[in-house]
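Here the structure is laid out as C-alpha coordinates; the discussion comes afterwards.
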Amino acid sequence: MRVQVRVQEQPFDAGAEVEAIARGDAGTGAVVSFVGRVRADTADAPGGPVSRLTLEHYPGMTEKALSAIVAEAQTRWELRAVTVIHRVGALAPGEAIVLAAVAGAHRAAAFAACEFIVDRLKTRAPFWKRERTAQGERWVEARAEDAQAAGRWD
Amino acid sequence: MIRVLYFARLREAVGTGEESLALPPGVEDVAGLTAYLRTRGPRWDEALGGGPAPVLVAVNQTVVAPRARVADGDEVAFFPPVTGG
(Lines give C-alpha, C1' and ligand atoms only; values in the text may rest on other atoms or scores of the structure.)
Protein backbone atom coordinates (compact mmCIF):
# COMPACT_ATOMS: atom_id res chain seq x y z
CA MET A 1 0.00 0.00 0.00
CA ARG A 2 1.18 3.50 -0.73
CA VAL A 3 1.14 5.74 2.35
CA GLN A 4 1.92 9.41 2.45
CA VAL A 5 1.83 11.35 5.74
CA ARG A 6 2.87 14.99 5.74
CA VAL A 7 2.81 17.80 8.32
CA GLN A 8 3.59 21.14 6.73
CA GLU A 9 3.16 24.91 6.93
CA GLN A 10 2.63 25.28 3.19
CA PRO A 11 -0.83 25.05 1.61
CA PHE A 12 -1.57 21.87 -0.34
CA ASP A 13 -3.48 21.26 -3.55
CA ALA A 14 -6.24 18.87 -2.50
CA GLY A 15 -7.37 18.25 -6.08
CA ALA A 16 -3.87 17.34 -7.21
CA GLU A 17 -3.36 15.03 -4.23
CA VAL A 18 -6.65 13.22 -4.85
CA GLU A 19 -5.79 12.90 -8.52
CA ALA A 20 -2.32 11.55 -7.71
CA ILE A 21 -3.30 8.99 -5.07
CA ALA A 22 -4.35 6.29 -7.50
CA ARG A 23 -2.44 7.36 -10.58
CA GLY A 24 -1.18 4.33 -12.43
CA ASP A 25 -3.03 1.89 -10.14
CA ALA A 26 -5.55 -0.05 -12.18
CA GLY A 27 -6.73 -1.85 -9.04
CA THR A 28 -8.21 1.27 -7.44
CA GLY A 29 -11.93 1.57 -8.08
CA ALA A 30 -12.75 4.19 -5.43
CA VAL A 31 -11.10 7.29 -4.03
CA VAL A 32 -12.70 9.02 -1.03
CA SER A 33 -11.32 12.26 0.35
CA PHE A 34 -12.04 14.64 3.20
CA VAL A 35 -10.84 18.25 3.37
CA GLY A 36 -11.12 20.14 6.65
CA ARG A 37 -11.20 23.93 6.37
CA VAL A 38 -10.87 26.86 8.76
CA ARG A 39 -14.36 28.08 9.69
CA ALA A 40 -14.72 31.77 10.43
CA ASP A 41 -17.96 31.43 12.37
CA THR A 42 -17.87 29.10 15.34
CA ALA A 43 -21.31 28.88 16.87
CA ASP A 44 -19.98 27.64 20.21
CA ALA A 45 -17.36 30.37 20.54
CA PRO A 46 -18.01 33.91 21.67
CA GLY A 47 -15.99 36.84 20.36
CA GLY A 48 -17.22 37.06 16.78
CA PRO A 49 -15.71 35.66 13.60
CA VAL A 50 -12.33 33.97 13.65
CA SER A 51 -9.77 36.00 11.74
CA ARG A 52 -6.86 33.61 12.12
CA LEU A 53 -6.20 30.08 13.30
CA THR A 54 -2.79 28.96 14.52
CA LEU A 55 -1.96 25.27 14.79
CA GLU A 56 0.72 24.04 17.16
CA HIS A 57 1.90 20.43 17.12
CA TYR A 58 4.38 18.02 18.66
CA PRO A 59 7.01 17.44 15.96
CA GLY A 60 7.97 13.79 15.83
CA MET A 61 4.97 12.46 17.73
CA THR A 62 2.57 14.01 15.23
CA GLU A 63 3.98 12.04 12.31
CA LYS A 64 4.15 8.92 14.47
CA ALA A 65 0.51 9.27 15.59
CA LEU A 66 -0.75 9.87 12.05
CA SER A 67 1.21 6.88 10.73
CA ALA A 68 -0.21 4.70 13.51
CA ILE A 69 -3.75 5.76 12.60
CA VAL A 70 -3.15 4.92 8.94
CA ALA A 71 -1.57 1.59 9.91
CA GLU A 72 -4.64 0.70 11.96
CA ALA A 73 -6.91 1.63 9.04
CA GLN A 74 -4.89 -0.81 6.92
CA THR A 75 -5.56 -3.63 9.37
CA ARG A 76 -9.32 -2.94 9.28
CA TRP A 77 -9.90 -2.44 5.55
CA GLU A 78 -8.26 -3.48 2.35
CA LEU A 79 -6.79 -0.26 1.03
CA ARG A 80 -4.55 0.58 -1.89
CA ALA A 81 -3.30 4.03 -0.91
CA VAL A 82 -3.69 6.64 1.84
CA THR A 83 -2.61 10.27 1.88
CA VAL A 84 -2.85 12.40 5.03
CA ILE A 85 -1.66 16.01 4.97
CA HIS A 86 -2.09 18.30 7.98
CA ARG A 87 -1.04 21.92 8.08
CA VAL A 88 0.51 23.74 11.04
CA GLY A 89 1.24 27.41 11.68
CA ALA A 90 -1.03 30.34 10.85
CA LEU A 91 -4.11 29.82 8.66
CA ALA A 92 -6.86 32.15 7.45
CA PRO A 93 -10.61 31.35 7.27
CA GLY A 94 -11.39 29.26 4.21
CA GLU A 95 -7.96 27.70 4.04
CA ALA A 96 -7.66 23.92 4.06
CA ILE A 97 -6.23 22.47 7.29
CA VAL A 98 -6.27 18.77 6.61
CA LEU A 99 -6.67 16.30 3.76
CA ALA A 100 -7.37 12.61 4.21
CA ALA A 101 -7.61 10.65 0.97
CA VAL A 102 -8.12 6.91 0.70
CA ALA A 103 -7.98 4.70 -2.38
CA GLY A 104 -9.47 1.21 -2.40
CA ALA A 105 -10.76 -1.38 -4.78
CA HIS A 106 -14.36 -0.62 -3.79
CA ARG A 107 -16.14 2.33 -2.22
CA ALA A 108 -17.30 0.82 1.10
CA ALA A 109 -13.80 0.36 2.48
CA ALA A 110 -12.64 3.74 1.16
CA PHE A 111 -15.57 5.61 2.73
CA ALA A 112 -15.20 3.87 6.09
CA ALA A 113 -11.43 4.19 6.25
CA CYS A 114 -11.51 7.88 5.40
CA GLU A 115 -14.02 8.56 8.19
CA PHE A 116 -12.02 6.43 10.62
CA ILE A 117 -8.79 8.29 9.85
CA VAL A 118 -10.37 11.72 10.36
CA ASP A 119 -12.19 10.70 13.56
CA ARG A 120 -9.02 9.25 15.05
CA LEU A 121 -6.86 12.15 13.90
CA LYS A 122 -9.10 14.59 15.75
CA THR A 123 -8.67 12.80 19.08
CA ARG A 124 -5.21 11.22 18.86
CA ALA A 125 -2.86 13.37 16.80
CA PRO A 126 -1.10 16.06 18.86
CA PHE A 127 -2.32 19.27 17.25
CA TRP A 128 -3.72 22.26 19.12
CA LYS A 129 -5.72 25.09 17.59
CA ARG A 130 -5.61 28.69 18.72
CA GLU A 131 -8.21 31.13 17.39
CA ARG A 132 -7.94 34.86 17.00
CA THR A 133 -11.12 36.95 17.12
CA ALA A 134 -11.84 40.63 17.70
CA GLN A 135 -11.74 39.83 21.43
CA GLY A 136 -8.25 38.33 21.35
CA GLU A 137 -6.79 34.84 21.15
CA ARG A 138 -7.91 31.64 22.83
CA TRP A 139 -7.13 27.94 22.70
CA VAL A 140 -9.87 25.85 21.10
CA GLU A 141 -11.49 23.41 23.54
CA ALA A 142 -11.68 19.71 22.70
CA ARG A 143 -15.25 18.74 21.75
CA ALA A 144 -17.18 15.88 23.32
CA GLU A 145 -18.70 15.14 19.89
CA ASP A 146 -15.25 14.41 18.49
CA ALA A 147 -14.51 11.98 21.32
CA GLN A 148 -17.85 10.26 20.69
CA ALA A 149 -17.21 10.04 16.96
CA ALA A 150 -13.79 8.49 17.56
CA GLY A 151 -15.23 6.17 20.21
CA ARG A 152 -17.43 4.49 17.60
CA TRP A 153 -14.32 2.78 16.23
CA ASP A 154 -13.05 1.36 19.55
CA MET B 1 18.54 13.24 32.38
CA ILE B 2 15.05 13.30 30.92
CA ARG B 3 13.66 15.75 28.39
CA VAL B 4 10.35 17.29 29.40
CA LEU B 5 8.11 19.07 26.88
CA TYR B 6 5.01 21.21 27.37
CA PHE B 7 2.54 22.15 24.65
CA ALA B 8 -0.21 24.65 23.92
CA ARG B 9 -2.08 25.94 26.99
CA LEU B 10 0.27 24.05 29.33
CA ARG B 11 3.36 25.57 27.71
CA GLU B 12 1.94 29.02 28.29
CA ALA B 13 0.89 28.23 31.85
CA VAL B 14 4.28 26.94 33.00
CA GLY B 15 6.23 29.46 30.93
CA THR B 16 8.49 27.02 29.08
CA GLY B 17 8.23 24.60 26.19
CA GLU B 18 11.10 22.33 27.04
CA GLU B 19 13.59 21.51 29.77
CA SER B 20 16.18 18.91 30.67
CA LEU B 21 15.87 17.45 34.11
CA ALA B 22 17.76 14.96 36.25
CA LEU B 23 15.22 12.32 37.21
CA PRO B 24 14.38 13.29 40.80
CA PRO B 25 15.17 10.63 43.45
CA GLY B 26 12.25 8.30 44.00
CA VAL B 27 10.48 9.25 40.77
CA GLU B 28 9.77 6.09 38.78
CA ASP B 29 6.61 6.77 36.84
CA VAL B 30 4.49 9.45 35.20
CA ALA B 31 2.41 10.00 38.33
CA GLY B 32 5.59 10.55 40.36
CA LEU B 33 7.07 12.97 37.86
CA THR B 34 3.79 14.91 37.66
CA ALA B 35 3.61 15.14 41.45
CA TYR B 36 7.20 16.38 41.58
CA LEU B 37 6.62 19.08 38.93
CA ARG B 38 3.44 20.22 40.67
CA THR B 39 5.46 21.11 43.77
CA ARG B 40 7.22 23.85 41.81
CA GLY B 41 4.46 26.36 42.53
CA PRO B 42 0.79 27.20 42.04
CA ARG B 43 1.11 27.71 38.28
CA TRP B 44 2.70 24.29 37.87
CA ASP B 45 0.24 22.68 40.22
CA GLU B 46 -2.78 24.03 38.38
CA ALA B 47 -1.42 23.41 34.87
CA LEU B 48 -0.37 19.81 35.54
CA GLY B 49 -3.54 18.47 37.04
CA GLY B 50 -4.48 20.56 40.05
CA GLY B 51 -6.89 22.61 37.90
CA PRO B 52 -10.06 21.60 36.09
CA ALA B 53 -8.40 20.98 32.71
CA PRO B 54 -7.44 17.41 31.80
CA VAL B 55 -3.77 16.72 31.08
CA LEU B 56 -2.37 14.09 28.74
CA VAL B 57 1.12 12.66 29.11
CA ALA B 58 3.24 10.99 26.45
CA VAL B 59 6.44 9.06 27.15
CA ASN B 60 8.69 8.76 24.13
CA GLN B 61 5.88 10.10 21.94
CA THR B 62 3.19 7.62 22.98
CA VAL B 63 0.30 8.65 25.25
CA VAL B 64 0.49 6.65 28.47
CA ALA B 65 -1.30 6.09 31.79
CA PRO B 66 -0.05 7.61 35.08
CA ARG B 67 1.54 4.29 36.12
CA ALA B 68 3.80 4.18 33.05
CA ARG B 69 7.50 4.03 33.92
CA VAL B 70 9.82 6.97 33.37
CA ALA B 71 13.52 6.24 33.05
CA ASP B 72 16.72 8.15 32.36
CA GLY B 73 16.88 9.24 28.72
CA ASP B 74 13.11 9.37 28.23
CA GLU B 75 11.20 12.18 26.55
CA VAL B 76 8.09 13.08 28.55
CA ALA B 77 5.48 15.48 27.17
CA PHE B 78 2.55 17.15 28.94
CA PHE B 79 -0.32 18.58 26.89
CA PRO B 80 -4.05 19.33 26.86
CA PRO B 81 -6.59 17.27 24.87
CA VAL B 82 -5.83 17.58 21.17
CA THR B 83 -7.85 19.75 18.77
CA GLY B 84 -6.51 19.08 15.27
CA GLY B 85 -8.32 18.16 12.08
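The values are calculated or read from the model by the stated rules, or taken from the named source; none is laboratory data. Predicted, not measured: the structure shown is a model, and the values here were computed from it. All Cβ positions, glycine included, derive from the backbone under ideal geometry; neighbour counts span all protein chains shown. These accessible areas exclude ligands, DNA and RNA; they are computed on the full protein's heavy atoms, side chains included. Shrake-Rupley method; radii C 1.70, N 1.55, O 1.52, S 1.80 Å.
Structure summary
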quantity	calculated
Qualifying GluC sites (Glu not before Pro) in the range A:1-103, DSSP loop, other Cβ atoms within 10 Å at most 10	A:GLU9
Area hidden from solvent between A and B (accessible, protein heavy atoms only, 1.4 Å, total, Å²)	1800
Residues with amide H under 5 Å from that of A:ARG6, placed H, sequence gap 5 or more	A:VAL84, A:ILE85, A:HIS86
Interchain or long-range residues, amide H under 5 Å from B:LEU56's placed H	B:PHE79
In order through the range A:86-92: 3J(HN,Hα) via Karplus (6.51 cos²θ - 1.76 cosθ + 1.60), integer Hz, x for Gly, Pro	10, 8, 10, x, 8, 10, 9
Cα gyration tensor shape for the range B:2-79, rounded if a/c is under 1.5, else prolate or oblate	rounded
Percent of beta bridges antiparallel (DSSP, the range B:2-79, rounded to nearest 5)	75
Those trypsin sites (Lys or Arg not before Pro) in the range B:21-85 that DSSP places in a loop and that have at most 12 other beta carbons within 10 Å	B:ARG40, B:ARG67
Gap separating the Cα centres of the range B:29-64 and the range A:49-72, nearest whole Å	21
In order through the range B:70-81: 3J(HN,Hα) via Karplus (6.51 cos²θ - 1.76 cosθ + 1.60), integer Hz, x for Gly, Pro	10, 10, 3, x, 6, 10, 10, 10, 10, 7, x, x
Accessible surface of the range A:1-140 [probe 1.4 Å, protein heavy atoms]: carbon and sulfur percent	51
Probe 1.4 Å, protein heavy atoms only - accessible area per residue of chain B in square angstrom	48
Per-residue [θ]222 nm for the protein assembly as shown (sum of -39500 (n - 2.57) over DSSP H runs n ≥ 4, rounded to 500)	-8500 deg cm²/dmol
Exposure of B:THR62 as accessible area (Å², to 10), given a probe of 1.4 Å and all protein chains	70
Accessible-area composition of chain B, carbon plus sulfur, in percent [1.4 Å probe]	54
